[in-house]
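> The following block contains the structure, expressed as structure tokens.
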Amino acid sequence: MAFRTLLKRTAVVGGGAVAAVFGLSQLIEYRKTQARLAHVAAEAELKVPFSDELPSRQAQLAALQSGEEFDVLVVGGGATGAGCALDAVTRNLKTALVERSDFSSGTSSRSTKLIHGGVRYLQKAIMKLDYEQYMMVKEALHERANLLEIAPHLSAPLPIMLPVYKWWQLPYYWAGIKMYDLVAGIQCLKSSYVLSKTKALELFPMLKKDKLVGAIVYYDGQHNDARMNLAIALSAARYGAAIANYTEVVRLLKTTDPQTGKEKVCGARCRDVVTGQEFDVKAKCVINATGPFTDALRKMDNQENQNICQPSAGVHIVIPGYFSPDNMGLLDPATSDGRVIFFLPWEKMTIAGTTDTPTSVTAHPIPGEDDINFILTEVRNYLSPDVEVRRGDVLAAWSGIRPLVTDPSSKDTQSICRNHIVSISDSGLITIAGGKWTTYRSMAEETLDAAVKAHNLTAQPCKTVGLMLEGAKGWTPTLYIRLVQDYGLESEKWRQRLSFNSEEVAQHLVSTYGGKAFDVAKMAQVTGQRWPIVGKRLVSEFPYIEAEVLYAIKEYACTAIDVIARRTRLGFLNVQAADEALPRIVQIMAKELDWSQERKTAELEAAKKFLYHEMGYRSRSEQLTKTSEINLDYQEVVRYKKRFHKFDKESKGFITTVDVQRVLESINVHIDENALHEILNEVDLNKNGQVEIDEFMQLMSAVKKGQVSDSRLAILMKSAEETLDQRG
């Protein structure tokens, strides 16, 4: 099949082209800035049909089922698909978007959370005199600046430290990072700088001191990827696009062109995954923006199409925030196998990754234990020996599938395209594949340019440069103060007086919803306490409140997984905390959406399965098994037996919730019976409703080896024993 691949390529002879471009850097940036200001001015001309309230999912489905022909139908609700929908609707094109799961349910929510140009790509561009790779970095740096501007509540610059352990590497890395600043031009976030060993350890005290000669700090952007993706999709809906999640394409609709006699794609047969209802969506142009599932839709168009997607799995882990400074990331430029590892603060936790291994396409990627241990090993190489990162410190882990692609029009179909590709099939199906999170907007612009040209659509120029996303309007860095004053949400000083080390709810709402934070606060319930007045938390150690579950439904959340994974990020931050919050989340959603008891049970089971397999709960729980070796010395065995028998008064050889509750009541500690059952269930390996002494010993051995680091039962029994001993 013939394809037209729209790739901007330039032949390079020697190093002159790269040098010439560096010379024109300031002029190019000046012109881009002028263009951006023109687009920002044009934003005032755009109509916003749903500026007050978003249409419901039912209203969106009704629009899709109306029988009217759309100019553009986008298939895929990731960053690129949502970007295409926003680009199309702001060009005054009648736009629809369908996503078979939830918005950002795939790769777009499982990234490294960076908005970056790619330091390592620039290194390759210079070393290999690769002009195309250089332009890819330059484009990404331009998009980085734009993304930080249009969603300031969801993104911010982040300093990243590159530690140096050999003197000759210092000028080498410094030159490369300075080149990164130069390519960014006037859009450079902040100038990079060199640190002495003393200053580097002052800013990053967890760093390994031995042989450290200094460090270089440069700046990139960081964001909340799933919320950013959602902001793009919701912005498209505000401007009038008909968007629907949990709506899958069953087959493509085709019609015969009377002039050429060839079949042309004219829409798609869709199915509402929630109800099972099928319907046709007619469109002049269909855009395939399905990421790793690109080939599935291409083969709906033509079964003879060869696969162009070569999926690669990237695993990330989350560990407690005390392993990194609050506002300084770390880059390992050369791991043991030549990959790059980032070690970054994110949402008050620390994220580390990523791996890069070939994988098969699946909607439910699972993080492997080998990848988790690889990341832990690499992280330990850069941290001080007295900072022990244990396997039990991993609070969550996930795998994202990066859709690397080959160019279908290239003679060498096996070569990976480092940039994105836009291709148009003989039947008119437009495919956008590959690329990076950071460049989603420019990819969408290029895709819509191709669509307008190929299908003769009447459209205005692209308006998405400088176009503020959902929540950006009305946001200021101090907006949270008004939330505290108007709604009595938790403030920093109040949290400090209570000796809690937690992000305040008001700041969390503002950094998540921007100017829409007040809409969430209005839905918050009274706590019944003197302070905070409103805003009941889902779990005590995280700032997510119950009102966010109600607001998530307005943001098209259909399942409990949508809430724990993408409306809030609880599932990505701590699987155990997410598991604890699930019953309340399901209860709130059931009341609002009128779920039956069967539906509530199914939602709870599906969400637990998601946490167990896709968020690393399985790998975490498997650290403690029946076959785990007990590695305790004699004194430790005696001590732990003594502790166990303080609860097992009758010397039964096991303890139950009744035994634990009796001891806790004797020291005036009260824990909900259901919560206590969950605590014991974590250690009850044979699931017989009780914890035998050998299971307790296996737990304490796993704690000693670092395989388990925050067992609630171990902490509870130790604290109770200490209290009893003090009283004795």
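The values are calculated or read from the model by the stated rules, or taken from the named source; none is laboratory data. In this text, all values refer to a predicted model and were calculated from it rather than measured experimentally. Reconstructed Cβ throughout: ideal geometry from the backbone, glycine too, with neighbour counts over all protein chains shown. Ligands, DNA and RNA are excluded from the accessible area calculation, which covers all protein heavy atoms including side chains. Shrake-Rupley method; radii C 1.70, N 1.55, O 1.52, S 1.80 Å.
> Residues in segment 207-228: is at least one open to solvent by less than 60 Å² (accessible area, probe 1.4 Å), of a type in the set (A, V, I, L, M, F, W, C), more than 18 Å from E347 (Cα to Cα) and without any contact (Cβ under 8 Å) to a residue 12 or more places away in the chain? Write out each step before concluding.
Our first condition is that a residue be open to solvent by less than 60 Å² (accessible area, probe 1.4 Å); within segment 207-228, this holds for 207, 212-228.
Next, only the ones that are of a type in the set (A, V, I, L, M, F, W, C) stay: 207, 212-213, 215-217, 226, 228.
When the remaining residues are screened for being more than 18 Å from E347 (Cα to Cα), the result is 207, 212-213, 215-217.
Now narrow it down to the ones that are without any contact (Cβ under 8 Å) to a residue 12 or more places away in the chain: none.
No, there is no match, as no residue in segment 207-228 is open to solvent by less than 60 Å² (accessible area, probe 1.4 Å), of a type in the set (A, V, I, L, M, F, W, C), more than 18 Å from E347 (Cα to Cα) and without any contact (Cβ under 8 Å) to a residue 12 or more places away in the chain.
> Out of contact with any helix residue (DSSP H, G or I) (no Cβ under 7 Å at 6 or more places or on another chain), buried (at least 22 other Cβ atoms within 10 Å of the Cβ) and within 22 Å of F343 (Cβ to Cβ) - does that describe any residue in segment 191-200?
Yes, because at least one residue in segment 191-200 is out of contact with any helix residue (DSSP H, G or I) (no Cβ under 7 Å at 6 or more places or on another chain), buried (at least 22 other Cβ atoms within 10 Å of the Cβ) and within 22 Å of F343 (Cβ to Cβ).
> Exactly one condition in (1) open to solvent by 60 Å² or more (accessible area, probe 1.4 Å); (2) among the acidic types (D, E); (3) over 30 Å from I564 (Cα atoms) is false for E149; which is it?
Every listed condition holds for E149 apart from (3).
> Looking only at segment 649-683, filter to residues that are charged (D, E, K, R) and assigned to a loop (DSSP other than H, G, I, E, B); which one of those is nearest to D694 (Cα to Cα)? Before the answer, list the steps.
Within segment 649-683, the first condition is being charged (D, E, K, R), and the residues that meet it are 649-650, 652, 659, 662, 665, 672-673, 678, 682.
Keeping just the survivors that are assigned to a loop (DSSP other than H, G, I, E, B) gives 649-650, 652, 672, 682.
Values: K649: 17, E650: 17, K652: 12, D672: 26, E682: 14 Å.
Per the criteria, the residue is K652.
> Any chance you could count how many residues in segment 248-270 are open to solvent by less than 70 Å² (accessible area, probe 1.4 Å) and either of a type in the set (A, V, I, L, M) or over 13 Å from K284 (Cα atoms) (or both)?
So the answer is 10.
> Sticking with this structure for a sec: Only residues that are open to solvent by 30 Å² or more (accessible area, probe 1.4 Å), of a type in the set (V, I, T) and in a loop (DSSP other than H, G, I, E, B): list them for segment 344-400, please.
T354, T359, V361, T362, I366, V387
Listed here are the residues, each with its yes/no results for (1) open to solvent by 20 Å² or more (accessible area, probe 1.4 Å); (2) under 23 Å from V213 (Cβ atoms); (3) not aliphatic (A, V, I, L, M).
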{"site": "E132", "(1), (2), (3)": "yes, no, yes"}
{"site": "E139", "(1), (2), (3)": "yes, no, yes"}
{"site": "A156", "(1), (2), (3)": "yes, no, no"}
{"site": "P163", "(1), (2), (3)": "no, yes, yes"}
{"site": "A184", "(1), (2), (3)": "no, no, no"}
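> Right, something else. If K453 meets every condition in (1) open to solvent by 30 Å² or more (accessible area, probe 1.4 Å); (2) in contact with a Phe, Trp or Tyr (Cβ under 9 Å, 6 or more places away or on another chain) apart from one, which number is that one?
(2)
> Look at K646 and say whether it is part of a helix (DSSP H, G or I), open to solvent by less than 50 Å² (accessible area, probe 1.4 Å) and not hydroxyl-bearing (S, T, Y). Reasoning before the result, please.
Numbers: part of a helix (DSSP H, G or I): yes; open to solvent by less than 50 Å² (accessible area, probe 1.4 Å): yes; not hydroxyl-bearing (S, T, Y): yes.
It is true that K646 is part of a helix (DSSP H, G or I), open to solvent by less than 50 Å² (accessible area, probe 1.4 Å) and not hydroxyl-bearing (S, T, Y).
> V318 passes all but one of (1) more than 20 Å from P163 (Cα to Cα); (2) buried (at least 21 other Cβ atoms within 10 Å of the Cβ); (3) touching a Lys or Arg at 6+ places or on another chain (Cβ under 9 Å); which number fails?
Against the list (1) more than 20 Å from P163 (Cα to Cα); (2) buried (at least 21 other Cβ atoms within 10 Å of the Cβ); (3) touching a Lys or Arg at 6+ places or on another chain (Cβ under 9 Å), V318 comes up short only on (3).
> Cβ-Cβ distance below 8 Å, separation of 6 or more or different chains: which pairs start in segment 708-728 with a residue that is under 20 Å from V575 (Cβ atoms) and basic (K, R) and end on one that is open to solvent by 50 Å² or more (accessible area, probe 1.4 Å) and outside any helix (DSSP H, G or I)?
Listed pairs, sorted by first residue: R712/E682.
> How about segment 572-618: which of its residues are farther than 26 Å from V318 by Cβ and either outside any helix (DSSP H, G or I) or of a type in the set (V, I, T) (or both)? Talk me through it step by step, then tell me what you get.
Going through segment 572-618, the residues farther than 26 Å from V318 by Cβ turn out to be 587, 590-602.
Of everything in segment 572-618, those that are farther than 26 Å from V318 by Cβ and either outside any helix (DSSP H, G or I) or of a type in the set (V, I, T) (or both) turn out to be D594, W595, S596, T601.
> Show me the helices (runs of 4 or more DSSP H) entirely contained within segment 481-534 in which 3 or more residues are at pLDDT below 55. Don't jump to the end; show me each part of the working.
Numbers: elements: 492-497, 505-513, 517-522.
Filter on segment 481-534 gives 492-497.
> Further question on the same structure: So in segment 425-455, with the set limited to residues that are more than 23 Å from the chain's Cα centre (by Cα) and polar (S, T, N, Q), which one is farthest from H223 (Cα to Cα)?
Among those residues, the one meeting the criterion is S427.
> For a quick check of your reading of the model, give me the residue pairs whose first member lies in segment 595-610 and is without any contact (Cβ under 8 Å) to a residue 24 or more places away in the chain and under 15 Å from C558 (Cα atoms), whose second is among the polar types (S, T, N, Q) and part of a helix (DSSP H, G or I), with beta-carbon atoms closer than 8 Å and at least 6 apart or on different chains.
Note: pairs meeting the criteria are K600/Q587.
> Mind listing whichever residues of segment 438-450 are crowded, with 24+ Cβ neighbours inside 10 Å and touching a strand residue (DSSP E or B) at 6+ places or on another chain (Cβ under 8 Å)?
Across segment 438-450, the qualifying residues are T438, M443, A444, T447, L448.
> Pairs please, first residue from segment 176-201 and closer than 23 Å to N146 by Cα and among the basic types (K, R), second anywhere and in a strand (DSSP E or B) and open to solvent by 30 Å² or more (accessible area, probe 1.4 Å), Cβ atoms under 9 Å, 6+ apart in sequence or on different chains.
K190/P157; K190/Y219
> Give segment 75-113 a look and list any residue that's open to solvent by less than 10 Å² (accessible area, probe 1.4 Å) and within 24 Å of S312 (Cβ to Cβ), or say none.
The answer is G76, G77, A79, G81, A82, G83, C84, D102, F103, S104, S109, K113.
> Considering segment 696-707 alone, what residues qualify as being open to solvent by less than 20 Å² (accessible area, probe 1.4 Å) and touching a residue at least 60 places away in the same chain (Cβ under 8 Å)? Write out each step before concluding.
Pass one, segment 696-707, residues open to solvent by less than 20 Å² (accessible area, probe 1.4 Å): 696-702, 706.
Within segment 696-707, M697, Q698, L699, M700, S701, A702, G706 qualify.
> In segment 231-239, is there at least one residue being touching a residue at least 40 places away in the same chain (Cβ under 8 Å), more than 30 Å from P325 (Cβ to Cβ), among the aromatic types (F, W, Y) and in contact with a Leu (Cβ under 8 Å, 6 or more places away or on another chain)?
Within segment 231-239, one or more residues are touching a residue at least 40 places away in the same chain (Cβ under 8 Å), more than 30 Å from P325 (Cβ to Cβ), among the aromatic types (F, W, Y) and in contact with a Leu (Cβ under 8 Å, 6 or more places away or on another chain).
> For segment 562-577, what are the residues that are hydrophobic (A, V, I, L, M, F, W, C) and either open to solvent by 10 Å² or more (accessible area, probe 1.4 Å) or within 16 Å of S105 (Cβ to Cβ) (or both)?
Initially, segment 562-577 is screened for residues hydrophobic (A, V, I, L, M, F, W, C), giving 563-565, 570, 572-573, 575, 577.
The answer is V563, I564, A565, L570, F572.
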